[in-house]
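To start, the structure under review is shown below, and the notes come after it.
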Amino acid sequence: MSKPTPTKPSGGGDQDPRIGVYVCHCGLNIAQSVDCKRVAQKAESEKGVVLSKDIVYACSEPGQQEIKQDIIDKGLDRVVIASCSPRLHEPTFKKMIDSVGLNPYMLDMANLREQCSWVHMEDKESATQKAETLVNMSVARVRDLEPLYEETLPLTKKTLVIGGGVAGIQAALDLADSGYEVTLVEKNPSIGGVMAQIDKTFPTMDCSI
Amino acid sequence: MTDVGRHPRIKLLTLSEVVDVKGYVGNFKIKILKKARYVDETSCTACGDCAEVCPVVRPDEFNVGLGSRKAIYSPFAQAVPSSYLINSKECLGHNPAVCSKCVDVCAKGCIDFHMSDEEIIEEVGTIVVATGLTPYDPTEMDEYGYTRFENVLTSLEFERLVNAGGPTKGEMIRPSDRNHPKSVGFIQCVGSRSAKKGGHYCSNICCMNTVKSSLIIKEHYPDVEVKVFYIDIRAFGKGFEDLYTRSRRMGTQYIRGLPGSVEETDEGTMRVAVENAATGKLEFHELDMLVLAQGMKPAPSTQRLQEIMGLQLTSDGFYLEAHPKLQPVDAATRGIFFAGCAEGPKDIKESVTQASAAAMRAIRLMHKGEITSEPITSTIITEKCKACGKCADVCPYNAISVDVKAKKPAVVNTAACAGCGTCAAECRFDAISMNHFTDTQIINQVDTMLDEAPENKILTFACNWCSYAGADYAGVSRLQYPANVHLIRVMCSGRVDEKFVWEGFRKGAPVVLVSGCHIGDCHYIDANHWTEKRVARIHKKMERIGIRSERLQLEWISAAEGIRFAETMKKMEAIRQSVTAEEIAETQSILSNL
């Protein structure tokens, strides 16, 4: 996919935050116990929120496309995705906003599925109220997020293997055969470890050395 | 083994030990002590002339003392390197008047008594820890009479006894009279699955090792009677059940029950008393030789290396992996991997599999030639830093250095920092900002949560790896719990600053829960120890200023404990209901007057 040029520089800086909020239905997973439209509407009035809407599947291709277009059109500089657990889709949405020029760390996810709709299925009103609070908490957090950058450091392409038993031998050979330098340290006068002392080995019943 | 000795990219250092590890992933600096061999490794041809003339005879370690060797020796025939070595403590010395016979006969002049220990520095990007195991020493299990009775052997001794390269050239004889035994017994789980002696865990290999030994006996000596005393036979691996079946078919008797005592008869046979679980009767078996299927213990160097490298151990003393299912070969410290029995008892196949996995994990990290570091690290606000050194004390990764004497502000090594945030929570001067989990960001969440109807809410801090994941698991399992629970995710419970808790109470929270990984399971080595200490500190303070300490709870909930999470939330709700509006108002007034 070609990278659209962002209309605004990525987040941070002194200008007021421009937050986009997306309340995902996750089909019926969230929508069956949370009134997603109401949650989105409630977030609209929060400070810094430029746009707040509900969306059927945020992670789907059309869903992501819609969010990306909004980021460009409305000049959003940070995003709240209220959907599943960040442990599931945070990498997806980080990539998504990165692809339209936002810093990937200018994102927060409100966990409306694993920690709301699925665990409060009996009480739609309470679940919706909780969802509203969770989204507003995310908005409050995202307002103060700052762009972060991964650092690249040099590395020595060499491995130390401690122990020259069967495991150390195998690891050293695999690494060395793959082109890496290996230093194998063994405290005894010979490698081989306990394996070398064993006569025959199961399940093949052949000798160990 | 010989491939290792010949490989152009493997530098083999034997008689060597790692004495220090500095640095971090991608850039470790290792100090190795290489002890003197006194024989030039490169020119020794292992002809053995030296050993022939050496007058010093000592028990041979490789044959677990069943054979002998000289003070100048090769550990075993296929040793790599093949070069001989001198045990300097046993050697009579290089004084020609005393001995030096080996020097005289060595045609190539390989022997050098002036060789000294060397210190070697290696710079590496990754480390594979494959320190292996030590067999359990059954001497303490006096009921089996090991070391009291000559014909009671360990399984490793038995291996050497039936090995063609062993002291008897593979002939199975019993030690007391050098006769062929007519019956051999095996006692299983010696040092395994016992709460009292050895380890409480299963050593994984002893069942199959005994099955194998029974087959070897039956193949070479079909008339020898073989009896195995066991609790369970665990033949779980590929092809194992076949071997077990074969062993039984060849006549090995498997008797369910561990012997209570072993006595020696006048003929030197062993009289074994056992309660046979199948019949419920006490039986006596007379056996010419008894083999104890010894379990596995971690190698003796394990703890020392653990301290040097800042790794973690399980309660059994083996290394603890980053995650038992998803990162089974990674250490919690990036760039360090485990292979073989260092991580837990394993057979050869499993050790080899894990070693290949460890090599792959190391390659995955190194192949780009550079590493990117996650920016969720701590940042020192130098103007505020008082160089007290607290942050460096609490950092599980030694990622912070502070010159306390010179009062120089702390410096974070971002490559070594894993981002737990404990330093930021412990800094009394607010001089540390935790990227992506700053005080402001978290307090914003607390405040927003408690904006409306705080008296109904349960403020919960959950660590990303365990408790938050446990909450997710409760969701996946559709476990229902009160809807007033609201989570704030932090990377580690160690990040939960005192002021977050006070802010919660100040804003009218009836209860606060701090939750993290179980002690010993922390994803940041031991950062949750600081959580524990901190919560204890806050509890004391609460009592002192007149706030019911029960209102702040600490719970350890793992990623797999969805039920525990839901139960904990119900418990929190019960505590919340006990907090009245008056109590909340009183707390708020106490805190505002501080």
TODO: Could you tell me which residue of segment A:119-136 is surrounded by the most Cβ atoms within 10 Å (Cβ to Cβ), considering only residues that are within 18 Å of A:Asp54 (Cβ to Cβ) and among the hydrophobic types (A, V, I, L, M, F, W, C)?
DONE: A:Ala131
TODO: Hey, can you tell me all the residues within segment A:146-161 that are within 7 Å of another protein chain (Cβ to nearest Cβ) and either assigned to a loop (DSSP other than H, G, I, E, B) or touching a Cys at 6+ places or on another chain (Cβ under 8 Å) (or both)?
DONE: A:Leu148, A:Tyr149, A:Glu150, A:Leu155, A:Thr156, A:Lys157
Open item on the list: Against the definition (modelled with pLDDT of 95 or more and either assigned to a loop (DSSP other than H, G, I, E, B) or surrounded by fewer than 22 Cβ atoms within 10 Å (Cβ to Cβ) (or both)), how does B:Gly344 come out, yes or no?
Closed with: yes
Task: For B:Ile381: the one exception among (1) at the interface with chain A (Cβ under 7 Å from one of its Cβ atoms); (2) under 30 Å from B:Ala431 (Cβ atoms) - done: (1)
Open item on the list: Can you name every one of the helices (runs of 4 or more DSSP H) wholly within segment A:34-140 that holds 1 or more residues which are within 14 Å of chain B (Cβ to nearest Cβ) and in contact (Cβ under 8 Å) with a residue 24 or more places away in the chain?
Closed with: A:36-44, A:86-99
Task: Out of B:Val262, B:Val228, sole residue that is away from every other protein chain (no Cβ under 13 Å), under 31 Å from the mean Cα position of the chain (by Cα) and hydrophobic (A, V, I, L, M, F, W, C) - done: B:Val228
- [ ] Check whether at least one residue in segment B:162-169 is outside the structural domain of B:Met270 (by TED's automatic domain parsing), of a type in the set (A, V, I, L, M, F, W, C) and not in a strand (DSSP E or B), and report yes or no.
- [x] no
Task: Within segment B:18-44, tally of residues that are over 24 Å from B:Leu365 (Cα atoms), in contact with an Asp or Glu (Cβ under 9 Å, 6 or more places away or on another chain) and either without any contact (Cβ under 8 Å) to a residue 60 or more places away in the chain or not in a loop (DSSP other than H, G, I, E, B) (or both) - done: 4
TODO: Could you tell me whether any residue of segment B:378-388 is farther than 30 Å from B:Pro300 by Cα, free of Cβ contacts under 8 Å to residues at least 40 places away in the same chain and among the basic types (Lys, Arg)?
DONE: no
TODO: Might you let me know whether segment B:524-541 holds any residue that is surrounded by fewer than 20 Cβ atoms within 10 Å (Cβ to Cβ), within 14 Å of chain A (Cβ to nearest Cβ) and out of contact with any strand residue (DSSP E or B) (no Cβ under 8 Å at 6 or more places or on another chain)?
DONE: no
Task: Unique residue being surrounded by fewer than 19 Cβ atoms within 10 Å (Cβ to Cβ), under 30 Å from A:Pro203 (Cα atoms) and under 12 Å from the mean Cα position of the chain (by Cα) when the list is B:Thr353, B:Thr314 - done: B:Thr314
- [ ] Give me a count of the residues in segment B:302-348 that are farther than 26 Å from B:Ala195 by Cβ and among the polar types (S, T, N, Q).
- [x] 2
TODO: Output the number of the condition that B:Ser373 fails; it satisfies all remaining conditions of (1) closer than 26 Å to B:Phe338 by Cα; (2) away from every other protein chain (no Cβ under 14 Å); (3) surrounded by fewer than 24 Cβ atoms within 10 Å (Cβ to Cβ).
DONE: (2)
Task: Hey, B:Thr139 at positive phi and free of Cβ contacts under 8 Å to residues at least 40 places away in the same chain or not - done: no
Open item on the list: Tally up the residues in segment B:497-552 that are part of a helix (DSSP H, G or I), without any contact (Cβ under 8 Å) to a residue 60 or more places away in the chain and over 27 Å from B:Gly419 (Cα atoms), please.
Closed with: 9
TODO: Mind listing whichever residues of segment B:397-426 are without any contact (Cβ under 8 Å) to a residue 40 or more places away in the chain and either assigned to a loop (DSSP other than H, G, I, E, B) or within 14 Å of chain A (Cβ to nearest Cβ) (or both)?
DONE: B:Val404, B:Lys405, B:Ala406, B:Lys407, B:Val412
Task: Every residue from segment B:447-462 that is surrounded by fewer than 22 Cβ atoms within 10 Å (Cβ to Cβ) and charged (D, E, K, R) - done: B:Asp447, B:Asp451, B:Glu452, B:Glu455
- [ ] Within segment A:162-184, identify whether any single residue is of a type in the set (D, E, K, R), facing another protein chain (nearest Cβ under 7 Å) and part of a loop (DSSP other than H, G, I, E, B), and answer yes or no.
- [x] no
Open item on the list: When you scan segment B:465-476, do you find a residue that is within 12 Å of chain A (Cβ to nearest Cβ), farther than 20 Å from A:Met121 by Cβ and free of Cβ contacts under 8 Å to residues at least 24 places away in the same chain, even just one?
Closed with: yes
- [ ] Quickly run through segment B:104-134 and pick out the residues that are buried (at least 21 other Cβ atoms within 10 Å of the Cβ) and in a strand (DSSP E or B).
- [x] B:Ile111, B:Val124, B:Thr126, B:Ile127, B:Val128, B:Val129, B:Leu133
Open item on the list: List the residue pairs whose Cβ atoms are under 7 Å apart, where the first residue sits in segment B:255-269 and is touching a residue at least 24 places away in the same chain (Cβ under 8 Å), the second is surrounded by fewer than 16 Cβ atoms within 10 Å (Cβ to Cβ) and of a type in the set (A, V, I, L, M), and the two are 6 or more positions apart or on different chains.
Closed with: B:Arg256/B:Ala277; B:Arg256/B:Ala278; B:Gly257/B:Ala277; B:Pro259/B:Ala273; B:Gly260/B:Ala273; B:Ser261/B:Ala273
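The values are calculated or read from the model by the stated rules, or taken from the named source; none is laboratory data. Treat the numbers as computed from the prediction; the structure is a model and nothing was measured. Note that we place each Cβ from the backbone using ideal geometry, even for glycine, and neighbour counts take in every protein chain shown.
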